[in-house]
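The structure appears right after this line, and notes come after that.
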Amino acid sequence: MDQRPKMMTRHYFLFLLLGAAALLAIIRLQFLNLIPLTPLMEARPFQPAEGGLGVSLGKSRKRVFPEPPNPKTGPVSEAYGYCNAPNRTEQAWEGHSPADYKLLSVQVMIRHGDRYPLYFIPKTKRPAINCTLSTSKNPSHPLLKSYIAHMRQGGRGHWDVPLSYLPRVPNHSACETGELTQTGVVQHLRNGQILNQAYKNQHFLPSDWSPRQVWVETTSKSRTLQSALAFLYGFLPEFDWTKLTVHYQWSTLFCSSTCDCPARGKYLGEEQKRQYQLRVSNTELDKTYVEMAQTLGLPTRQLRAANPIDSLLCHLCHSISFPCVAVGDGGSKECLTMEQFAVIRRQQLNDEVDRRRVGLYHKYAILAMHPYLNQTANRMVRAARDGEAGGEAVFGLSSAHDVTMAPLLSALGLHEARFPRFAARIVFEMWKSPPATQGQPKERADKGVEPKLFIRVLYNGEDVTFHTAFCRSRDRQAGQPLCPLKSFLSFVRKDMFRVVNATSYKEACYRWPYFSKQV
């Protein structure tokens, strides 16, 4: 007897069961916020002629921390990611939450955008880059023209004195050392615009926002100030200058008045010794520096001191040939090579791995970034207490450096995150659940903070909340699609100091053996 009809019936039945299971899985994922409940923003290359926002719907979620690339091509491909070309495609998960949750606060830290090198290779020509802004140059942005005009009105704003003398836009036809480039401006116009789109339906910051609701702070470098203004303009186009005050942070750690911490310096010193020992033990790196120095006719020690990777990265990011020097009288040249660049970059990547293994940098990072994290936590608490009224600094923007953002990532426990690229962003969101959310146990208020408050942390648009030290151990499927704010507050106030065997910032700063007498 022919068995095919029975087999087909059986296969059809199995197909229906699999389909039902898949549907149930999707419904569950939606509840847990692993699939966004509103359209996902994915940045696309900008098309100024159409005047669009350069975003479209994404289809799937990327890995938060992708696997390392192939070792043979990894250093170069990773370096291109570090450049962060403004037309690269990426997803933006800011602003997504379960239905009916209310956004109360957003605190953002950015690294400045693409800049001209801080170090230069002796006997070579500096990269030929024009740092004036023009809509006729690439890369550009639909907001660039109005942004340039708006920056001319900056005299109506309020500036802390150290910032008042800095230019509000890059303005040199031949870039100066460390100056923000047009690429850097476009990177942050794009960043701000992405968040504008992400939060435009959340209404956490009213259109008639007051000066106390927006906090902007930056170091005294023109590249951080200009990055902050570009980001802010993308986020709040045509913002009212008269309501804006730009605050000065004297320390790259953004520690304000709580920077005194002797143990932090000791941990950093030990970390720098580790870094040096790893570098001098790398025979391939040493051989490469010798070859490069011979090509350029320099002492090897002088080339090392010139930190050539900084200049070479600029060449790579701007598609400029690596430096060359003339050889003899025949007009021939010898140039630095991509292979040499890859060796130096590979050593830097290996250093990141060893840094995480040893753990000294993490201890340094805990002490370095506690003041900033504590400031962020306090702003969230104040925003929670003000509730619906829209309180003080419900939106905060801190424009910083790689030496700020790298320890922040480490302090949060995001050990697998890559070294901060140009125009990297870390976003802290605080959400309030609806009054009667099913499945949530009733809890007591913690020191005046409403218990049904939650935090999300995003790095370059990816939700990394459940990778952080304060929420990694929580079961994401235990009826809570977000991380409770109280977990973050406990981490900042006490738990983060367990790494250095202390219970407070003051104790941690003076528990180092050399300072024990001062406790």
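Among K432/K486; K266/K506; K243/K432, which pairs are too far apart, with a Cα-Cα distance over 20 Å?
The pairs that break the limit, which is 20 Å between Cα atoms, are K243/K432.
Given 5 Å bins starting at zero, what is the percent of C-alpha pairs of segment 258-327 in each, up to the one with the largest pair distance?
Calculated over all Cα pairs of segment 258-327, the distribution is 3, 13, 16, 18, 16, 12, 10, 6, 4, 1, 0 percent.
Using every alpha carbon pair in segment 150-216, what percent of pairs falls into each 5 Å bin from 0 up to the bin containing the largest distance?
Using 5 Å bins, I get a P(r) of 3, 11, 16, 21, 22, 16, 7, 3, 1 for segment 150-216.
How high is the relative contact order of segment 256-391, given as a whole-number percent (alpha carbon pairs under 8 Å, six or more residues apart)? Spell out each step's value before the answer.
Values: 84 pairs, mean separation 41.8, N = 136.
After rounding, I find 31 percent.
Might you work out the accessible area of R474 for me, using a 1.4 Å probe with all protein chains in place, and round it to the nearest 10 Å²?
90
With contacts defined as alpha carbon pairs under 8 Å and 6 or more residues apart, what's the relative contact order of segment 193-319 in percent? Mind showing how you got there, number by number?
Details: 57 pairs, mean separation 23.9, N = 127.
Computed value for segment 193-319: 19 percent relative contact order.
For segment 115-221, what relative contact order do you get, as a whole percent, if you take Cα pairs closer than 8 Å and at least 6 residues apart?
For segment 115-221, the relative contact order is 39 percent.
Run the accessible area of segment 134-287 with a 1.4 Å probe and give the carbon-and-sulfur part as a rounded percent.
It is 49 percent, rounded to a whole number.
Let me know the volume per residue of the alpha-carbon convex hull for segment 214-332, in Å³.
191
Averaged over every viewing direction, what's the projected area of the C-alpha convex hull for segment 262-380? Give it in nm², one decimal, please.
Numbers: hull surface 41.8 nm².
Averaged projected hull area, Cα only: 10.4 nm².
The values are calculated or read from the model by the stated rules, or taken from the named source; none is laboratory data. Just so it is clear, the structure is predicted and the values come from calculations on it, not from any experiment. SASA here: full protein model, heavy atoms, side chains in, ligands and nucleic acids out. Shrake-Rupley method; radii C 1.70, N 1.55, O 1.52, S 1.80 Å.
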